[in-house]
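Structure first, commentary second.
Coordinate-derived values only; no laboratory data. These numbers come from a predicted model, not from an experiment.
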């Protein structure tokens with residue numbers, strides 16, 4: 001009842017060597033693979049935030065513009081265009097004093 005025969009050890013060793021080789025190849029080409037997977041998408045989710053048991057905020061990027069989507073399970077989502085990516089307009093947020 002010898003479970004660790006030399007041929008089984010060889011098969012396990014070869015399997016682990018193949019896995020290690022695949023892992024090394026993926027690590028070496030990580031940026032190229034990520035670029036190939038994402039491609040030229042026009043819409044990308046930047047961040048998501050849970051606002052409560054039923055609310056959620058999504059920050060999207062669509063063709064270089066930041067878009068905020070606020071929604072819940074039962075309500076109609078609110079979509080706000082935040083403008084070009086990287087710009088922050090705080091003039092409209094000050095309000096009257």
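Hey, any idea what the orientation-averaged projected area of the convex hull of region 41-88's Cα atoms comes to, in nm²? Each step should come with its number before you reach the end.
Working: hull surface 14.2 nm².
If you wrap the Cα atoms of region 41-88 in a convex hull and average its projections, you get 3.5 nm².
Among (i) 0.98; (ii) 1.34; (iii) 1.05, only one was calculated for this model; which label is it, if the read-out is Rg/Rh (Cα atoms, Kirkwood Rh)? Given (i) 0.98; (ii) 1.34; (iii) 1.05, the structure-derived one carries the label (ii). Relative to the dominant Cα principal axis of the chain, helix 6-28 is inclined by about 30°. Across the chain, the mean sequence separation of Cα contacts (distance under 8 Å, 6 or more residues apart), normalised by length, yields a relative contact order of 13 percent.
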